[in-house]
Every structure is written in structure tokens, then in C-alpha cells.
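Engineer: Here it is, the structure, as C-alpha cells.
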Amino acid sequence: MTTPEHPSPSPDPTSKDRVYRSPMGIVGGVALLVIVLWLGIDALLRGEGRTQWLALAAIILLVPLVTAFTLRPAVHANEDRLRIRNPLRVIVLPWGQVAALRSSYSNEVVAKSGTKFQLWAVPVSLRARKKAARRSARAASGRGDRGGRMGGAGFGGLGFGAPRGDVDSDGPMRAETDKVMDDLRELLEQGEHSESAQGEVTVRWAYEVAGPVVAGFLLLVILLAIG
């Protein structure tokens, strides 16, 4: 691949995005889509009359809905801004507009206006937190961590991108989603006062998802109403 000799300037951020997604969400979404399409297409091909229309309405409703809540969520972050792709919205927050990143039973970002946005792509796993705490306690006691030979649980419990043993060299063991939040907080600290990280918070509704869902729901209601 070659680059132009005189590339035109681009307004896009120069730093590359870090992208965070939930592997378990992706795997679960693919499995659900396979089941929905398998049953729906089977009903379309073998069903008769009203059954085919009901199957079509269910496919139109469920496919975008499942995709929105499992495959779509992602968090993009760079030195200038945080971009959150949730099931039905896309939120862009320059770091200068971020007040805090909170993590308890869910991970969320708080804008300086007080508005909270949940990070769907970075779900909290209380089980992973407890496991990391137990392993950290064992390591601190000097007994070591025999489970570390198997590698970290990974983001979403699948071992995707987690270092072997899931341990920080200069700190306690952390759950993968907590590590993601640590990364985001580091980017916030680095960029919140940067001139390129200023601007307004923008929120865009995902009409490409809501449209088919509403259409499928209305079609299903009409079919059930007319019996």
C-alpha cells in the first residue's frame, strides 16, 4: 500500500482509536441470531398462510433488536474524545466535557452537565472482580496463583486480549473491564485539558435500528390483532 505524495489535511483525530467490545456479547448475539434466523426461515419455507407473515414480522423485529444489544455496542477512545456506541444511541464526548468515569454495578461516563451514559460494551462482571481479588490475595500471601497458568479470563470471560495470569506488574490483579476503565481514566487525565479535546457533547439516535424494530413490532401487532 502506498500513500499520496501530497496528502490532504484531515480534520479527524491523529491518534488511533482504542476499541473496546464485549466478546461474550458478540458470541451470545451470534448464537441468538442463528436461532432466530433458523426458526424464522424454517417457518417462512414450511409454514402456511398467517404463519409465514408472523415469521416475517418476528425476523424484522428480532434481528435488528438482537444486533443492537449484542453486536452493535462498542467504545472508541483516543486522545481527544470518547465515542460510545450503545444499542440505540451514539454519544461523542470530548474529554473536556467528561466529569468522571464511574464503575460500580455498571460502567458509565458522567458529563460535566450531569448527564450519565452507560457503557454497554464494557459490562461489569462481579464474578470476575471477586476472582481477581482472590487471586491477588493468594499472590500477596506468597502462595502464588496456580490458576494463572491457564491465562486470564479475558474481557467477557473468553480470554480475548488478556495477558497470561491477568496480573499487573506494579499493582493488584484486576478484572478485565476494570482494566478498560483504568485505560479510559488515563486517557481522560491526559486529554481533558487539551485544546483538541474540547467541544460539545453530541448524541445521535440510531434510527437505522429503531426503524426496522418499530416496523416489525407494528406488523406483529397487526397480525395478532386481525387473528
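Engineer: Is it the case that some residue within region 88-100 is within 14 Å of the chain's Cα centre (by Cα), among the basic types (Lys, Arg) and buried (at least 21 other Cβ atoms within 10 Å of the Cβ)?
Structural biologist: no
Engineer: Could you grab me the full set of residues in region 101-129 that are surrounded by fewer than 21 Cβ atoms within 10 Å (Cβ to Cβ), among the small types (Gly, Ala, Ser) and not in a loop (DSSP other than H, G, I, E, B)?
Structural biologist: The answer is Ser103, Ala111.
Engineer: Quick one: which strands (runs of 3 or more DSSP E) sit completely within region 21-94 and have at least 1 residues that are touching a residue at least 24 places away in the same chain (Cβ under 8 Å), touching a Pro at 6+ places or on another chain (Cβ under 9 Å) and over 30 Å from Ala225 (Cβ atoms)? I'd like the intermediate steps shown before the answer.
Structural biologist: Details: elements: 74-77, 81-85, 89-94.
Of the strands (runs of 3 or more DSSP E) lying wholly inside region 21-94, those with at least 1 residues that are touching a residue at least 24 places away in the same chain (Cβ under 8 Å), touching a Pro at 6+ places or on another chain (Cβ under 9 Å) and over 30 Å from Ala225 (Cβ atoms) span 81-85.
Engineer: Let me ask something else. Go through region 48-87 residue by residue and tally those that are open to solvent by 60 Å² or more (accessible area, probe 1.4 Å), under 13 Å from the mean Cα position of the chain (by Cα) and of a type in the set (A, V, I, L, M, F, W, C).
Structural biologist: The qualifying residues number 1.
Engineer: What are the residue pairs meeting all of these: first residue in region 105-126, first residue over 14 Å from Ala74 (Cα atoms), second residue surrounded by fewer than 19 Cβ atoms within 10 Å (Cβ to Cβ) and of a type in the set (S, T, N, Q), Cβ atoms under 6 Å, and 6 or more apart or on different chains?
Structural biologist: Note: pairs meeting the criteria are Ser106/Gln118; Val124/Ser106.
Engineer: Hey, another quick one. Can you find, within region 186-204, the residue that is farthest from Phe69 (Cα to Cα) among those that are touching a residue at least 24 places away in the same chain (Cβ under 8 Å) and among the acidic types (Asp, Glu)?
Structural biologist: Let us first name the residues in region 186-204 that are touching a residue at least 24 places away in the same chain (Cβ under 8 Å), namely 187-188, 190-194, 196-204.
Going one step further and asking which of them are among the acidic types (Asp, Glu), we end up with 192, 200.
Working: Glu192: 30, Glu200: 26 Å.
Filtering first and then ranking leaves Glu192.
So that you can scan it fast, the table gives a plain yes or no per residue for (1) over 26 Å from Phe69 (Cβ atoms); (2) at pLDDT 90 or above; (3) over 22 Å from the mean Cα position of the chain (by Cα); (4) surrounded by 13 or more Cβ atoms within 10 Å (Cβ to Cβ):
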| residue | (1), (2), (3), (4) |
| --- | --- |
| Gly165 | yes, no, yes, yes |
| Pro172 | yes, no, yes, yes |
| Thr177 | no, no, no, yes |
| Leu184 | no, yes, no, yes |
| Ala206 | no, yes, no, yes |
| Val209 | no, yes, no, yes |
| Val214 | no, yes, yes, yes |
| Phe217 | no, yes, yes, yes |
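The values are calculated or read from the model by the stated rules, or taken from the named source; none is laboratory data. For clarity, every value in this text was computed on a predicted model and none was experimentally measured. Every residue, glycine among them, receives a Cβ derived from its backbone with ideal geometry; neighbour counts consider all protein chains shown. Remember, those area values only see protein heavy atoms, side chains included, never the ligands or the DNA or RNA. Shrake-Rupley method; radii C 1.70, N 1.55, O 1.52, S 1.80 Å.
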